[in-house]
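Nothing in this text is a laboratory measurement; each read-out follows from the coordinates by a stated rule. Source: prediction; values computed, not measured. Because the Cβ atoms are built from the backbone with ideal geometry, glycine has one as well, and the counts that use them run over all protein chains shown.
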Number of protein chains: 2
Amino acid sequence: MEVRTYPEFSTHYPLLLKTFMQRPVQLYPDQIGLVYRNHTTGAYQRFTWAQWHARTCRLANALKKLGVQPGKPGEPGDRIGTMALNTHRHMELYYAVPCSGAMLHCVNVRLAIEHVLYTITHAEDKVLFFDDVFLPMVESIYDRIKDTVKAFVYMSDQPGLPESRIEPLYDYETLIGAEEVQFDWPYLHEDTYATLCYTTATTGQPKGAMFTQRALYLQTLHLIALASFNNDPQTEQPGEDNVPMITTPMFHIHAWSQPYTYVYRCAKIVLPGTFTVDGFCDLVQTEKVTHAAVVPTILALLLEYEDIDRYDLSSLVSLGVGGGALPLGLKEKIEQRIPKMRASSGYGMTETAPVSVTAFIKKHMRDWPKEQLDQVRVKTGLPVPGMEVEVLDGDGVLVPRDNKTIGEIVVRGPWVMEKYYKNPQKTAEVWYGDWFHTGDLATVDEEGFLTIVDRMSDVIRSGSEMIPTVLLENIIATADFVLEATVVGVPDPVWGEKAMAVVKLVSGSRKEARDLIDFLKAEGVEKGKITKWMLPKLVAIVDQIPKTSVGKFSKRLIRNNLGKFLAKAVEIKE
Amino acid sequence: MEVRTYPEFSTHYPLLLKTFMQRPVQLYPDQIGLVYRNHTTGAYQRFTWAQWHARTCRLANALKKLGVQPGKPGEPGDRIGTMALNTHRHMELYYAVPCSGAMLHCVNVRLAIEHVLYTITHAEDKVLFFDDVFLPMVESIYDRIKDTVKAFVYMSDQPGLPESRIEPLYDYETLIGAEEVQFDWPYLHEDTYATLCYTTATTGQPKGAMFTQRALYLQTLHLIALASFNNDPQTEQPGEDNVPMITTPMFHIHAWSQPYTYVYRCAKIVLPGTFTVDGFCDLVQTEKVTHAAVVPTILALLLEYEDIDRYDLSSLVSLGVGGGALPLGLKEKIEQRIPKMRASSGYGMTETAPVSVTAFIKKHMRDWPKEQLDQVRVKTGLPVPGMEVEVLDGDGVLVPRDNKTIGEIVVRGPWVMEKYYKNPQKTAEVWYGDWFHTGDLATVDEEGFLTIVDRMSDVIRSGSEMIPTVLLENIIATADFVLEATVVGVPDPVWGEKAMAVVKLVSGSRKEARDLIDFLKAEGVEKGKITKWMLPKLVAIVDQIPKTSVGKFSKRLIRNNLGKFLAKAVEIKE
C-alpha cells in the first residue's frame, strides 16, 4: 500500500491569492462584484463575480499565449507591467498575473518620466498593459523600452486600437475575447513572488520591493482580523455588505491591500478610474458607498468642492486616511461636511505592503467622550496584529513610553518585504540588527500608541534639538483659516536649520503670517504640545503646495526651489 | 558590507501561537483575562493578562528544568500530557507547552481507561499534568505508565500534595512558584508540532492527529475572518468585549480552537472546570457571558434544568453547537428558554483541528424571515474560508447540488492534519486522491450548503438504498414530546438492515411508539423530507441513551447491547 501524507494539501497548503478570488465566485456568482465608472464620460460598467472571474480567466489564458512564464521560490516569474487607473481591467490584472505565477508590477505613473522609464527597464517588464490615457507617456519612452517589453496591451473603454508606432500592440478586449473562460489556477508555492512595488524615490532611483503570495495573503488575513477586533463605538464593523470604493491609486502599493481584503470579503467594489471630486460624490450617491480610503491631501479637495451638498453622501460611514498624518483639524472639518462619516488614520510604507500601524481604539476607551477618542483616532496608532513594531533610539534601545522621546520606527512581520529587487546594497541599508528600519521618527505614549513626528530626512535639526515637523503641521491644520500646510527646514547660520511653514489658506481668508504664529502660540505652546523654540521662524503663504506622485506634500520640491519660497516668506521676529 | 535579507523576520516570519498570547499581554496587561470557577466549591479565581502570562512563563521555565526538549520540523518535541478540566492552569499549559517548542497532548479523560492508557504510552508522554480529580485514574494505570512518564504534576485548587505512591510527583503551584516570571519565547519554526490529539476511536485504537504551530495559527486567523464576514442579522459580530465561556472540554480537540481565537481577540475568558448546569448558569449571570459552544446533548441538560429561570442569562447571545447535528426542534426549544440567545451549528472532526464547516448566512439571506433563516442555521453549513470542502460520490465525482444525492465529505486546507502519529497505514486510509476523507456522508443544496446525513459506518443500508439516520434524528427532535433521540440500523433478514429509533421522552410524557411514527409521517413523509421506506421499523422508548466520551450518542454502545434495546422496542407494522 502506498503511504502518502499530502503536506501540500494540509500542513503546507499554500497561502495563495487565488483563495480570495474564488470565495465570491463560489458564494455569490450572480451578484454584482465590481462597478467601474469612467471618470471622463461618467459611464458605468457593472460585472457580476462570475463575469469578472471569467474575464480574469480569459486574461490568464492570454498571458500564457503571450509566453508569460511563472516563477518559483527565489526565482521571479516574468514581470508584467501595468500603467493603469482604478478599473475593472486593473482588478483583472491584479489577480490573473500573480495567480498564474507571474509578477505584477504596477508602474507608478505619477513618478517623473525618467523614473517611470527606470522602473520598467529595471523590472524588465515582459508585457506592458496601459490605459488609453497613458498612450502619450508610453510613446514618449517607447524607443528606450522596446527592447525590454515584448508586447504592449492597450486598455480602453472605447473599442479598437489607436494609430501608433508601438508594436506589437494588442487591444485588451480583443486579446481576452479570443480566450476560453476557464483557467485552471495552479497550486503555486506560497513563496512565489506576486508583486513588485517601487518606492517613490525621494532620493536616488526607485527601489523595487518584492512581495510573495504568502506575504500578501497574511497581510490580508491580519487586516481582516484587525477589522474584527474593532472597538470603535463610532465605526461599524465591516461585513460582506460593505460597499468600498477603492480611491487609493491601484498603482500605489497594492492600493493599500483593498483589492485583496475586499474581494475575500465579497464586498461590492466600486472603482472610480482616478479620483475626481464629482466622480467620488456621484459614485457614493449612486452605489451607496460605505467605505473609502484616501491620502490627507484628498480631504482638502473634498472640503473645497462647492457642489458637495448637492449629493447624498449619507451612506459613507468610514474614511481611512493614510500616506500622511491625519491632522485633527482636518478630521473635524471633513466630518462636519459629511456628518455620518468617521475618519481615522493608518501608517505604512511600500516596504510593508503597506499597512503596519493603525489608529485602534482599545476596549476600555469605548466609553470615552468623542473629543478624547478623536485624539486617539488621529494618532498613528498601534501595530496591526501579527506585526511587530517598535521605536528604537540611536543605541537600538526601546524609547520610553513618555509621548516625547523620539526614535526610529522598526518593524518585522510576515508581510515586511525581504529584499529589494536586484539591489542588495539598499537592502542592507534597511535590514540590520533583526529589524527593518523605516526611516520614520515617532514617539510612543503610555498606552503604546505611536505618533509619527517626521521622516528622518525631514526632521529639522536646530542646535542639538530636533523639531518634529509633522507635529507642527498637525497643530497648524487645526486653524480654521488653513487649508493645507507643511513645514520644512531651511539653513540657518546660527542653529544649523530653522523651521519654515508653507501654508495655503482657505478660500477668501485674509490672515497673515503673524496670525499663524499667534495661533501656534495659543494652541501649541500654551497647551504644552510644543515648546517655544520649535515655532517657525519663517512663514510662506502660497497658492499651491507642491505634491509628490502619490499626493503627499513634497518637501523635496520645496527644498529644491527654496529661493522661490523664501521670496514669499515673512520672517518672524520675537 | 554584510548583506543579509532576514527572511526569518519577513517572508518566512513564523506563524506561532506565541503571537496570540502576546497580544492581550501588550494591550491589556492589567485587565482581567481569565476567570475560573471551581465547579465543586463554586469558588472564583480571576487573573489579569499579565498575571496569567507571568504564570505561563513560570511554567515554561519549569518545563525546561524538567528537561523537556523542543522539537523541530518533522521531529516532534517531547510530548506533555494533560488530564485536566477547563481551568486557568490548563490554559497555561495550552500556551507554555507548544510556545516553548514541546507538544501538548490533552488526554481525553472520558475515553475507556484502556484507551487512556494507550494514548499516554503511544504518545510517550514525558511529563503528565493532572487535576486532583483524576488522581485515582492516574494511580490505576501508574504501574503501566511509570516507565514512560518521567514526572507527574498534580494540579489542585487546594495547596499541598496528596498521599500517593506516584513518583516523582510535583505540586503545580509549588513547581511554578519557584521559577522566574520572564521567559524568552523562542522563534520556533512554524512547522514545529504543537499538539497531538487522539480520536475518540469508535473502532480500534485511538489515532493521534498531529498539528503544527502553523496549522493552528491559520485555523485561528480564518475563524476570526469567518466571524468578521458574518451576515446573520440575529448574531452580533464578536468583538474584544465578548465574554466567552469555554464549555467544550479542553481535552477535546483544542476545545474547538477557542483557547486560540479568544486569547488573540483579547476577550475575557470564562472557565467552568467541567460543565454543570448550575455552574453554567452561575457563570453566565456573574460574568455576563455572551458566547458559549456546546455539543447538542448539553442542550438537553439545560432544557431539563428546573432552576434555570432563577438566573439572569440575558447576556448570552450566541451558542455554537458542534460535535453533532443541531436539530431544529432542539434549537427552537432552547431559544425559548434563553430568549436573546441564538444557536447555530458547525462541523469538524479531530483531524480538521476541528472547525471546517459552519452554518453561514449568505448576504442575500439577511432579510429572510426567521423561520427560513433557522432552516439555514441548522444546516451543517459552508466551508470555513481557506478550507476546501467537497462531497464526492463513490466514483470521486462531485455530487449534484440537489439536496438529496449522498456522498462523502472530503477536505483539504491549511489546518487539516497531515498524518497520524506513528501510524502510516491509518494515514493512507484517509489521505488519497488529493483529499482527506472524513467518513461522513452529506448532501449539498443549490446554495452549496452541506447537510450531514450520517457517518459512513452508521448509515443504514436497506436493500440497495441508504437510510440517513441523522436526517431521521433531526425530524424526531422537532417533536415536542421528545427530549433525545438516535437511530441505528439493526440486522434484517430481508432488507439487510432496518432502522430502529431509540428515544427518550420529555419528563411526564405518555406518548408511545405509534405516536412517534405518526409524527414522522406527518412531519417527514408528508412534507417530502423523507420517503416512506425510511421510517423506523422499531421504536425503543428508553430512560437513557448511551453517550460517548465527548457526549455524543453512542451508536456503538447500542449495537453492542442490541438485545437490551430490542427487548424494549416496539415493532411497527404497516
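Values computed for the structure shown
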quantity	calculated
Cα-based helix-to-principal-axis angle, B:277-287 vs chain B, degrees rounded to 10	60 degrees
DSSP-defined antiparallel bridges as percent of all bridges, segment A:123-221, nearest 5	40 percent
Dipole-positive endmost among A:542, A:451, A:392 within chain A (Cβ charges, Cα centre)	A:542
About the Cα centre, charge dipole magnitude for the protein assembly as shown (Lys/Arg +1, Asp/Glu -1 at Cβ), debye	20 debye
Cross-link reach list, lysines versus residue B:126, counting only Cα pairs under 20 Å and skipping chain neighbours closer than eight places	B:64, B:65, B:72, B:146, B:150, B:207, B:422
Residue-span extension gain [residue A:143 to residue A:428] - 0.36 nm each, minus C-alpha spacing	99.2 nm
Distance from segment A:548-574 to segment A:469-495 (C-alpha centre basis), Å	10 Å
Rounded FRET efficiency, nearest 0.05, which uses the C-beta distance separating residue B:306 from residue A:375 and R0 of 60 Å	0.70
Within 10 Å of each Cβ in A:383-391, the average number of Cβ atoms from other chains	3
Ranked list, fewest to most other Cβ atoms within 10 Å of each Cβ, for B:265, B:58, B:401	B:401, B:58, B:265
Percentage relative contact order, chain B, counting C-alpha pairs under 8 Å, at least six apart	11 percent
Pseudo-label separations to other copies for residue A:568 - Cα-to-Cβ vector, 7 Å, nm	9.1
Label spacing, shortest first and in nm, from residue A:64 to its equivalents in the remaining copies (7 angstrom along Cα→Cβ)	5.3
Distance cut-off 17 Å, percentage of C-alpha pairs in segment B:458-571 lying past it	51 percent
Between segment B:151-184 and segment B:499-515, the alpha-carbon center distance in angstrom	50 Å
Neighbour-count order for A:426, A:146, fewest beta carbons within 10 angstrom listed first	A:146, A:426
Sum of -39500 (n - 2.57) over DSSP H runs of 4+, divided by residues of the protein assembly as shown (222 nm, nearest 500)	-8500 deg cm²/dmol
Residues A:481, B:519 arranged by fewest to most Cβ contacts within 10 Å	A:481, B:519
Between segment A:394-420 and segment B:53-130, the alpha-carbon center distance in angstrom	36 Å
Neighbouring partner chain Cβ atoms per residue of A:8-20, average, 10 Å criterion	6
Nearby lysines by direct alpha-carbon distance to residue B:370 (threshold 18 angstrom, same-chain neighbours under 8 apart not counted)	B:331, B:333, B:340, B:362, B:379
Chain A - Kirkwood radius from inverse mean 1/r over Cα pairs (Å)	24.8 Å
Fraction of beta bridges assigned by DSSP in the protein assembly as shown that are antiparallel (%, nearest 5)	60 percent
For B:224-237, mean number of other protein chain Cβ atoms within 10 Å	5
Share of pairwise Cα separations in segment A:32-100, more than 16 Å, in percent	53 percent
Per-residue HN-Hα couplings for segment A:147-158 [Karplus 6.51, -1.76, 1.60; θ = phi - 60°; Hz; x = Gly/Pro]	7, 8, 7, 8, 8, 10, 10, 9, 10, 8, 6, 9
Kirkwood Rh in Å, taken over all unlike Cα pairs in segment A:235-338	14.0 Å
Qualifying aspartates and glutamates (Cα of each under 14 Å from Cα of residue A:268; at least 8 residues distant if same chain)	A:30, A:240, A:241, A:287
Debye log10 I(q)/I(0) for the protein assembly as shown, one point scatterer per Cα, at q = 0.07 Å⁻¹	-0.71
Other-copy label distances relative to residue B:7, 7 angstrom Cα-Cβ extension, nm	1.4
Kirkwood hydrodynamic radius over Cα pairs of segment A:80-124, then Stokes diffusion coefficient at 10 °C and 1.306 mPa s, in µm²/s	144 µm²/s
Under-14-angstrom lysine pairs by C-alpha in segment B:458-571, whenever the two are 8 or more apart or on separate chains	10
DSSP bridge pairs, chain A: antiparallel proportion in percent, nearest 5	60 percent
